[in-house]
Amino acid sequence: MADDSIAVVDLDRCQPDRCSYECKNYCPPNRTGKECITLRGEEADQGQPDQIHISEEICLGETCGICVEKCPFDAIEIINLPQELQDDPVHRYGENAFSLYGLPAPQEGQVTGILGPNGIGKTTAVRILEGELQPNLGRDEAVDWDDVLEAYRGTELQDYIADVRDGEVTVARKPQYVDQIPESFDGNTRELLERTDERDALDSLVERLEIGPVMDQAIDDLSGGELQRVALAATLARDTDFYFLDEVTPYLDIGQRVTAARLIRELAEEEDRSMLVVEHDLAILDLLADTLHVAYGEPGAYGVITSPKSVRNGINEYLSGYLDNENMRIRQDPIEFEEHAPRTATHGDVLVDYPDLTKSYGDGEFTLEIEGGEIHRNEVLGIVGPNGIGKSTFAKLLTGNLEPTAGDADLDLDISYKPQYVTIDQHMRVDAFLSSITDQFGSSYWNTEIAQPLQLERIMEQNLSDLSGGERQRVAIAACLSDSADLYLLDEPSAHLDVEQRVQATSAIRRYAEQQDATVMVIDHDIYTIDLLADRLMVFEGEPAMHGRASEPQPMREGMNDFLSNLEITFRRDERTSRPRINKPESQLDREQKREGEYYYSP
């Protein structure tokens with residue numbers, strides 16, 4: 001194989017007990033007597049006996065690709081690495097396994113961002129930077145930290161790697177999937193947080209993150225948004241040199257996201273700490289980071305982390321699909337935003353009139369008041385508002401999962417519902433689960449419009465219980481859209497999806513609404529998702545956990561102005577890409593837009 005090609009075998013997908021070794025039998029070098037594709041055998045370090053191994057020295061490379069085509073389980077990838085990629089890997093998990101090229105460079109007193117798809121090596125990079133994983137530089141022979149230091153001599157990482165080698169780096173790490181915290185901790189919030197208060201900063205963090213009301217609640221009883229804020233407080237309360245925060249925004253509303261960003265920036269600037277943040281909410285990443293590394297490659301096969309870029313240029317290059325300094329195209333089509341955010345409100349036929357509704361819990365514990373309105377056919381209705389304000393309660397009222405205290409919520413509609421928190425209570429394969437929902441499963445339309453944009457092909461044969469958070473989310477979106485219904489209601493579909501997955505999921509939802517004359521309601525906190533998706537907006541406001549009010553649906557500009565004015569946050573359009581960007585608080589543009597009452601871009 002050429003030096004710029006690699007062979008990757010996904011051992012989770014390689015199933016020799018269910019195939020006839022088509023890859024091995026049809027391999028051209030094998031048929032001439034060479035040992036290109038062989039069996040690993042019982043002594044293999046990874047996988048099960050009789051799974052395959054590919055010799056990269058003998059393989060003909062991507063120009064052949066017969067084994068890739070013949071494998072019935074899509075377990076093989078033969079990849080030509082970019083010609084511009086001159087360096088050796090930082091780390092490779094063995095031959096036919098994932099390779100990582102490049103490392104992010106944490107800087108004292110700064111927030112360093114990483115932007116890229118899931119499965120591209122961001123977690124591997126962090127394990128190296130915290131000293132948990134000693135990189136092998138892609139070599140077969142033994143490598144120690146002195147070898148790594150020599151490889152990075154003269155670079156920005158030289159001093160940092162020397163500190164890692166000498167054991168002088170301490171790390172605090174916020175996990176990506178906060179909903180797994182209750183599985184590893186049995187106690188209440190106060191007990192968890194008091195263990196981490198090494199900077200004597202806990203009281204301030206609790207106040208600013210507004211988690212005081214849950215301090216004496218069991219971790220098991222916390223919502224996703226509460227768990228996210230508790231995890232952030234526990235991480236920032238630590239006294240360490242290096243903080244790694246893996247996705248700080250899932251389940252947080254826009255106001256909480258801005259607060260989290262400000263806390264992270266303050267710790268970096270005021271105490272000269274190194275912060276490394278992986279984040280898929282581009283508006284928050286833009287507000288949060290000082291520099292940005294773009295990560296690209298083939299998820300599960302190889303990943304490349306670029307040299308640092310300015311945040312604006314890094315995000316814009318990522319969206320355009322072309323990296324200027326690297327002379328690298330990482331995506332065929334750019335991710336584009338509309339020139340003018342406000343869309344003309346749809347005036348299609350009315351699907352349903354819903355009346356004024358009220359839902360109260362307990363003795364004045366929480367009350368939600370909903371102003372009656374119309375939902376139009378073939379529209380996408382966005383729903384926005386703070387956490388704890390009643391958005392999911394409204395969804396459950398529509399689906400019949402809750403009964404209103406006042407008003408009639410029996411709308412006589414078939415509703416397909418994706419809940420906010422995707423739980424797995426079935427032990428079956430993804431393909432069996434989805435085929436049980438729709439008779440369209442496997443059809444040309446279903447494959448093109450649902451399976452492909454949601455990237456389901458490679459997880460079809462996995463069990464639902466083995467899926468990651470992002471994979472579960474994509475399956476749940478597919479399940480919702482695959483059902484036959486009058487109204488499709490998706491609660492926070494963007495959670496745990498990377499930028500491209502969000503755009504593809506958004507496009508799938510939008511196209512489905514247009515092509516099937518379907519009506520869709522989407523509850524989400526990601527401004528990019530709402531901006532790309534919604535025709536009209538329904539705004540929830542009030543005092544979280546006390547009382548909420550929901551307006552009738554209104555045009556995008558009016559709705560976003562109402563929503564953002566309550567949060568005192570203004571947005572502008574990027575001049576190059578038209579993407580939404582949060583204005584710096586009290587900046588000249590922020591003050592001007594607030595004076596004009598235009599929180600959602602200047603007209």
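The values are calculated or read from the model by the stated rules, or taken from the named source; none is laboratory data. Every value quoted in this text rests on a predicted model; they were computed, and no experiment measured them. We place every Cβ from the backbone using ideal geometry, glycine too, and count neighbours over all the protein chains shown. These area figures cover heavy atoms from the full protein model, side chains too; ligands, DNA and RNA do not enter into them. Shrake-Rupley method; radii C 1.70, N 1.55, O 1.52, S 1.80 Å.
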Out of everything in segment 437-482 that is at pLDDT below 90 and of a type in the set (Phe, Trp, Tyr), what residue ends up being farthest from Ser416 (Cα to Cα)? Tyr445
Of all residues in segment 342-360 being at pLDDT 85 or above and among the hydroxyl-bearing types (Ser, Thr, Tyr), the one that is surrounded by the fewest Cβ atoms within 10 Å (Cβ to Cβ): Thr358
Total residues in segment 497-531, condition of a type outside the set (Ser, Thr, Tyr) and over 24 Å from Thr577 (Cβ atoms): 8
Residue identified as within 17 Å of the chain's Cα centre (by Cα) and either in the same structural domain as Ala505 (by the TED database) or within 24 Å of Phe563 (Cβ to Cβ) (or both) among Leu285, Leu245, Leu263, Leu276: Leu285
Just to be sure, is Asn378 within 21 Å of Pro555 (Cα to Cα) and assigned to a loop (DSSP other than H, G, I, E, B)? yes
Take segment 123-157 and flag every residue that is hydrophobic (A, V, I, L, M, F, W, C) and either touching a Phe, Trp or Tyr at 6+ places or on another chain (Cβ under 9 Å) or open to solvent by 60 Å² or more (accessible area, probe 1.4 Å) (or both). Val126, Leu129, Ala142
Going by the structure shown, is Asn96 among the polar types (S, T, N, Q), buried (at least 22 other Cβ atoms within 10 Å of the Cβ) and either touching a helix residue (DSSP H, G or I) at 6+ places or on another chain (Cβ under 7 Å) or in a loop (DSSP other than H, G, I, E, B) (or both)? yes
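Mind checking whether some residue in segment 303-316 is on the phi > 0 side of the Ramachandran plot and either small (Gly, Ala, Ser) or outside any loop (DSSP other than H, G, I, E, B) (or both)?
No: zero hits.
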Residues that are closer than 15 Å to Ala550 by Cβ and at pLDDT below 90, drawn from segment 361-385: Phe366
With respect to Ala260, is the statement that it is buried (at least 19 other Cβ atoms within 10 Å of the Cβ), among the small types (Gly, Ala, Ser) and closer than 20 Å to Thr123 by Cα true? no
Out of Ser551, Ser494, report the one residue that is more than 21 Å from Val258 (Cα to Cα) and hydroxyl-bearing (Ser, Thr, Tyr). Ser551
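Being on the phi > 0 side of the Ramachandran plot and assigned by the TED database to the domain that holds Pro386: is that true of Gly542 here?
Values: on the phi > 0 side of the Ramachandran plot: yes; assigned by the TED database to the domain that holds Pro386: yes.
In short, yes.
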Just name the residue that is surrounded by the most Cβ atoms within 10 Å (Cβ to Cβ) out of those in segment 390-417 that are among the β-branched types (Val, Ile, Thr) and within 28 Å of the chain's Cα centre (by Cα). Thr393
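Do we have Asn583 as more than 17 Å from the chain's Cα centre (by Cα) and open to solvent by 10 Å² or more (accessible area, probe 1.4 Å) here? Steps first, answer last, please.
Values: more than 17 Å from the chain's Cα centre (by Cα): yes; open to solvent by 10 Å² or more (accessible area, probe 1.4 Å): no.
For Asn583, the condition - more than 17 Å from the chain's Cα centre (by Cα) and open to solvent by 10 Å² or more (accessible area, probe 1.4 Å) - is not met.
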Looking at (1) open to solvent by less than 50 Å² (accessible area, probe 1.4 Å); (2) modelled with pLDDT under 90; (3) touching a strand residue (DSSP E or B) at 6+ places or on another chain (Cβ under 7 Å), which is the one condition that is false for Glu84? (1)
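Okay, residues lined up against (1) of a type in the set (D, E, K, R); (2) within 30 Å of Leu497 (Cα to Cα):
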position: Val143; (1), (2): no, no
position: Ala151; (1), (2): no, no
position: Gly154; (1), (2): no, no
position: Ala172; (1), (2): no, yes
position: Val178; (1), (2): no, yes
position: Glu194; (1), (2): yes, no
Closer than 23 Å to Met428 by Cβ and touching a residue at least 40 places away in the same chain (Cβ under 8 Å): is that true of Ala479 in this structure? yes
Among all residue pairs at least 6 apart or on different chains, which show Cβ distances below 6 Å where the first residue, located in segment 427-449, is in contact (Cβ under 8 Å) with a residue 24 or more places away in the chain and the second is open to solvent by 70 Å² or more (accessible area, probe 1.4 Å) and among the polar types (S, T, N, Q)? Trp446/Gln440
Which residues, counting only those in segment 447-469, are among the charged types (D, E, K, R) and assigned to a helix (DSSP H, G or I)? Glu449, Glu457, Arg458, Asp466
